[in-house]
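The values are calculated or read from the model by the stated rules, or taken from the named source; none is laboratory data. Given the structure is predicted, the values throughout are model-derived calculations rather than measurements. Neighbour counts are summed over all protein chains in view; Cβ atoms, including those assigned to glycine, are modelled from backbone coordinates with ideal geometry. These accessible areas exclude ligands, DNA and RNA; they are computed on the full protein's heavy atoms, side chains included. Shrake-Rupley method; radii C 1.70, N 1.55, O 1.52, S 1.80 Å.
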Amino acid sequence: MAGGGFVDSNGDGRDYPGKLTMFVFFTCVVAATGGLIFGYDIGISGGVTAMDTFLSRFFPTVYHQEKADHSTNQYCKFDSLLLTTFTSSLYLAALIASFFASTVTRVLGRKWSMLGGGITFLIGAALNGFAKDVAMLIAGRILLGIGVGFANQSVPVYLSEMAPAKYRGTLNIGFQLMITIGILAANLINYGTSKLKGSIGWRVSLGLAAVPAAIIALGSLFLPDTPNSLIERGHAEEARTMLRRIRGTDYIHAEFEDIKAASEESKTVKHPWRNIIQRRYRPQLVMSVFIPFFQQLTGINVIMFYAPVLFKTIGFGNDASLISAVITGLVNLFSTLVSIVTVDRLGRRKLFLQGGVQMIVCQIVVGTLIGVKFGTSGQGSLSGTYAFFVVAFICIYVAGFAWSWGPLGWLVPSEIFPLEIRSAGQSINVSVNMLFTFIIAQAFLALLCRLKFGLFYFFGGWVLVMTTFIALFLPETKGVPIEEMVLVWRGHWFWSRFFDEEDGGGASSTVGVEMAKPSEASSTVGVEMAKPSV
């Protein structure tokens, strides 16, 4: 992509002039609220499916199976294809919607994609809250999925384009922070509504999804579009004015020219979906597929989707299972804050690797603890002390995910694509994420019934694979301007082979453009750009 910066041997980029302005901070906070709808749904589904009034109305077979014989195999009590379809239908809808969202995001801008997602999610929440049968329930879930698909496609890209390079990780992880807030809020609401008599409890839980939907729908109306999107759609002067405002300086020439050069190159790409499979985009394409694929195979959805069901299955009572889900939600929230503080200091790779090791250990320990008590028969119970250790290691696992694969699974794919294929690349990221979220959500209860405690070893094995993948193939991207990211791949020991000499970054004529105020011109201005070695 466009030149104009200097990338050192550690992958850090010489930033453009400018600072983190309050305007950027508040717009990023508002945009990040798009994560609330995704998080709220993740948290609410598991709690609602643990409520007797919900199960007896929509899934009576599961309800009677649970109540009929308390000595039944604990691993298989909730195994129901229809019940998992309720949860997972949202993610299949999100997968399909993300492809349409790519076009909307590119042609109309990022903010309108957020607005569309919020409105659709709002309608889906209303349908679920007033559901009278399973068909109405699943129709509502599909609309929720469309909303999630649009929000997840547009929000991470918006955050990455608005943020200054050295704060991009911190601001982008605001999206994951909002997801964790949504999960925690849902867990707290489930705990409260489970006390209500009749069907009002689950109706309130499902209907309150309208609140985060309204927040992002209304908030998006007040958001400015990114300079990258404005230039891409032919509004160069508006983009210059917006860039000056969000960077808080008049010295935006270098960054503006790089974005403009990237836009000019993007206009030569008539078919981004066809171009994205070209050899020179292979590193980004591989990451946009494997990172979301691996993110779902961490096993986090085993905990977050079905936390109340899972804790209930391993012997906790109704209240205890919901309280445990609230505890994991709190751990998830505060651990995400750790990532916000450290991601632009330590970098992406260190957090990925440390979190991976932590999750591997916890999956093995939790699987062993459950296996010792329930074996392969599923017969057994947990004492208070034993249950405490199970929850403790699950919380340590959640913490590892929350400061590594959780936020970075959205951050890294959103920052690595050049402008000409950015919307298509993010759609691939979202669609792969949703596809495997769907598969895991659909298969989890059946896998738990068949693999039993070995399910935790299964996910632990995948965490080992993905941690090795990161160690070998992901270069460090912290601090690198988003339009300079190609330099990171060109300097990587493996990915450099996919670039020819002429693939040096498109708008190479901008290399050496002055990047500081005239009075602060550094001695690096005009020097040849260095290749990073990662």
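Worth pointing out:
- Here segment 322-439 has 77 percent of its accessible surface on carbon and sulfur atoms, given a 1.4 Å probe and all protein chains in place.
- Rounded D (µm²/s) - segment 194-236, Kirkwood Rh over Cα pairs, Stokes-Einstein at 25 °C, 0.890 mPa s: 182
- Structure note, pairs Lys197/Lys452; Lys195/Lys452; Lys132/Lys195; Lys111/Lys478; Lys132/Lys197: Cα-Cα distances above 23 angstrom occur for Lys197/Lys452; Lys195/Lys452; Lys111/Lys478.
- With the alpha-carbon atoms of segment 113-182 aligned to their principal axes, the span from lowest to highest coordinate is 50, 22, 12 Å, starting with the largest.
- Legend: residues Trp405, Trp462, sorted from most to least accessible area (1.4 Å probe; ligands, DNA and RNA excluded), read Trp462, Trp405.
- Converting the Cα gyration tensor eigenvalues of segment 93-225 into ellipsoid dimensions via √(5λ) gives semi-axes, longest first, of 29, 18, 11 Å.
- For segment 364-374, Karplus couplings with θ = phi - 60° (6.51, -1.76, 1.60), whole Hz, Gly/Pro x: 5, 5, 5, x, 5, 4, 5, x, 4, 7, 10
- Per-residue SASA entry for Lys260, accessible area with 1.4 Å probe, Å² rounded to 10: 80
- Whole-number D in µm² s⁻¹ for segment 171-275, Kirkwood Cα-pair radius fed into Stokes-Einstein, 10 °C, 1.306 mPa s: 90
- Computed from backbone phi with θ = phi - 60° and the Karplus coefficients 6.51, -1.76 and 1.60, the 3J(HN,Hα) list for segment 487-495 is 4, 5, 6, 5, x, 7, 4, 9, 6 Hz; x is used for glycine and proline.
- Heavy atoms of Ser423: accessible area, 1.4 Å probe, square angstrom to 10: 10
- Principal axis extents of the Cα atoms in segment 325-482, from largest to smallest and rounded to whole angstrom, are 56, 30, 30.
- Rounded to the nearest 20 debye, the dipole size of segment 171-243 about its Cα centre is 580 debye, using +1 on the Cβ of Lys and Arg and -1 on the Cβ of Asp and Glu.
- Solvent exposure of Met136, expressed as accessible area, is near 60 Å², computed with a probe of 1.4 Å over the protein chains only.
- Amide H to amide H, with H built 1.01 Å from N, Tyr16 comes under 5 Å of Ala165, counting only residues 5 or more places away or on other chains.
- Unit Cα scatterers, Debye sum, segment 161-207: log10 I(q)/I(0) for q = 0.30, 0.32 Å⁻¹: -0.99, -1.04
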